[in-house]
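S.K.: Got a structure for you, written out below as structure tokens; questions coming shortly.
The values are calculated or read from the model by the stated rules, or taken from the named source; none is laboratory data. Just so you know, these numbers come straight off a predicted model, no measurement behind them. FYI the Cβ positions are ideal-geometry reconstructions off the backbone, even for glycines, and counts take in every protein chain you see. The protein model used for the area step is the full one, side chains on, heavy atoms only, and it has no ligands, DNA or RNA in it. Shrake-Rupley method; radii C 1.70, N 1.55, O 1.52, S 1.80 Å.
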Amino acid sequence: MQNGKVSIIIPFKNTSNFLPECLDSIRNQTYRDLEVLAVNDHSTDESFDILSSYAQQDERIKLYQNKGNGIIPALQTGYAQCQGDFITRMDSDDIMKPHRLEVMVNSLQKHGAGHVAVGQVNYFSDRGISNGYERYETWLNTLTATGTNFDELYKECVIPSPCWMTYREDFEQCQGFEPNRYPEDYDLTFRFYEQGFAIIPCDQVLHLWRDYDTRTSRTHEHYAQNYFLDIKLHYFLKLNYDPKRPLVVWGAGFKGKKIAKGLKKRNLEFVWLCDNPKKIGKKIYGKRLVHFEALQGLNNPQSIITVANELAQKEIRSYFSDLQQSPMLDYFFFC
């Protein structure tokens, strides 16, 4: 197979405790034709010094200062300098499996343009992994094993931000790191979907994902639930919504209210369903909640489901199946 250079873009900020493991895992890759574009996002610890030392030892590692503030400007800064045929990114507190790049490059060369190479992930932590992260890992890896990640696109981010790779031309086709929209990894995933890219199935763990209390995705406001909901609604209305069909929102908790508020802000009509007897018949934001059986009286509706309870979700899926309605066409789980 014809090979090519892999560009790995790494924003970093105050991750000095983890950088050596991260950088060692990259230097030990079985695939050698790579460049690291490490961008310092205004670190106040020893991170910059550690990267400088590694850059002196390995000419493939290049160090830059962020031209802005935050992960997106750092990604943009790094990408502007990259020269690779393949694009990927890495989190500065994580670890690559030794064969990660080799597997991804081979997958892309086998399947060609218009594909995204992904890998399975394992969370790890000094204190142990919570049940929530264990469930997310299992769910994500199950999708990745079959390449069906986009089937659950509106539930959570279905492509882990530090474990994907594309051809450079494909990456630029979907605007790369240009959009200034957080969470940036979820936004990029939607743009892969928008371009019609296919996910290449992978049955191997390629990435070790570190969890700890001060991780950016845990602490920064850009990764709060409301940002995820904003992205979901933005892309649903852009890519999947059919304005000729009745629109339904199912659920009146935090997520349901957030989605309803977003629809009202856009002056879009919708039916608001609920199965909570205490809420049925009441008005929220001037909109009356009705019993979920009202769905059967609508002509070919599209439904946004914001009910988080897993048992209730199974019941809802069965209900839609009985109505001969299909996921990602007739109904969309937003949680």
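S.K.: Just name the residue that is nearest to residue 80 (Cα to Cα) out of those in region 1-24 that are open to solvent by 10 Å² or more (accessible area, probe 1.4 Å) and touching a strand residue (DSSP E or B) at 6+ places or on another chain (Cβ under 9 Å).
M.R.: Filtering first and then ranking leaves 11.
S.K.: Sticking with this structure for a sec: Considering only residues of region 76-132 that are crowded, with 16+ Cβ neighbours inside 10 Å, over 19 Å from the mean Cα position of the chain (by Cα) and among the small types (Gly, Ala, Ser), which is nearest to residue 13 (Cα to Cα)?
M.R.: Per the criteria, the residue is 78.
S.K.: Counting just the residues of region 192-209 that are over 16 Å from residue 148 (Cα atoms) and buried (at least 18 other Cβ atoms within 10 Å of the Cβ), which one comes out modelled with the lowest pLDDT?
M.R.: 209
S.K.: Evaluate the following for residue 256: is it surrounded by 14 or more Cβ atoms within 10 Å (Cβ to Cβ) and touching a strand residue (DSSP E or B) at 6+ places or on another chain (Cβ under 7 Å)? I'd like the intermediate steps shown before the answer.
M.R.: On the way: surrounded by 14 or more Cβ atoms within 10 Å (Cβ to Cβ): yes; touching a strand residue (DSSP E or B) at 6+ places or on another chain (Cβ under 7 Å): yes.
So residue 256 passes the test.
S.K.: Here are the criteria: (1) crowded, with 20+ Cβ neighbours inside 10 Å; (2) modelled with pLDDT under 95. Tell me which single one residue 136 does not satisfy.
M.R.: Status for residue 136: all satisfied but (1).
S.K.: Just to be sure before I move on: is residue 158 within 23 Å of residue 334 (Cα to Cα), without any contact (Cβ under 8 Å) to a residue 40 or more places away in the chain and among the β-branched types (Val, Ile, Thr) in the structure I sent?
M.R.: It is true that residue 158 is within 23 Å of residue 334 (Cα to Cα), without any contact (Cβ under 8 Å) to a residue 40 or more places away in the chain and among the β-branched types (Val, Ile, Thr).
S.K.: Next question, about the same structure. Anything in region 322-335 that is within 20 Å of the chain's Cα centre (by Cα), surrounded by 17 or more Cβ atoms within 10 Å (Cβ to Cβ) and assigned to a loop (DSSP other than H, G, I, E, B)? List them, or say none.
M.R.: 334, 335
Okay, residues lined up against (1) over 17 Å from residue 155 (Cβ atoms); (2) in a strand (DSSP E or B); (3) open to solvent by less than 60 Å² (accessible area, probe 1.4 Å):
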| position | (1), (2), (3) |
| --- | --- |
| 276 | yes, no, yes |
| 279 | yes, no, no |
| 296 | yes, no, no |
| 307 | no, no, yes |
| 311 | no, no, no |
| 315 | no, no, no |
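S.K.: Only one of 66, 122, 131 is more than 20 Å from residue 201 (Cα to Cα) and modelled with pLDDT of 95 or more. Can you tell me which? Walk me through it before giving the result.
M.R.: Working: 122 fails: more than 20 Å from residue 201 (Cα to Cα); 131 fails: modelled with pLDDT of 95 or more.
Only one candidate passes the filter, namely 66.
S.K.: Still on this structure, please answer the following. Just checking, how many residues over region 225-245 are in a loop (DSSP other than H, G, I, E, B) and either of a type in the set (D, E, K, R) or open to solvent by less than 40 Å² (accessible area, probe 1.4 Å) (or both)?
M.R.: Number of matching residues: 3.
S.K.: Out of (1) under 29 Å from residue 32 (Cβ atoms); (2) touching a residue at least 60 places away in the same chain (Cβ under 8 Å); (3) of a type outside the set (A, V, I, L, M, F, W, C); (4) not in a loop (DSSP other than H, G, I, E, B), what's the single condition that is false for residue 169?
M.R.: Just one mismatch for residue 169, condition (2).
Okay, residues lined up against (1) more than 19 Å from residue 106 (Cα to Cα); (2) open to solvent by 10 Å² or more (accessible area, probe 1.4 Å):
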site: 28; (1), (2): no, yes
site: 31; (1), (2): no, yes
site: 34; (1), (2): no, no
site: 45; (1), (2): yes, yes
site: 50; (1), (2): yes, yes
site: 55; (1), (2): yes, yes
site: 60; (1), (2): yes, yes
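S.K.: Of the conditions (1) of a type in the set (A, V, I, L, M); (2) closer than 25 Å to residue 241 by Cα; (3) open to solvent by less than 10 Å² (accessible area, probe 1.4 Å), residue 165 satisfies every one except a single condition; which number is it?
M.R.: Here residue 165 meets the rest and fails (2).
S.K.: Related question: Of all the residues that make up region 300-321, how many are in contact (Cβ under 8 Å) with a residue 60 or more places away in the chain and over 25 Å from the mean Cα position of the chain (by Cα)?
M.R.: 0
S.K.: Mind counting the residues in region 141-156 that are out of contact with any Pro (no Cβ under 7 Å at 6 or more places or on another chain), surrounded by fewer than 22 Cβ atoms within 10 Å (Cβ to Cβ) and in a loop (DSSP other than H, G, I, E, B)?
M.R.: Number of matching residues: 3.
S.K.: Pull out all pairs, ordered by first then second residue, where Cβ-Cβ is under 6 Å, the residues are six or more apart or on different chains, the first lies in region 178-190 and is among the hydrophobic types (A, V, I, L, M, F, W, C), and the second is outside any loop (DSSP other than H, G, I, E, B).
M.R.: 190/235
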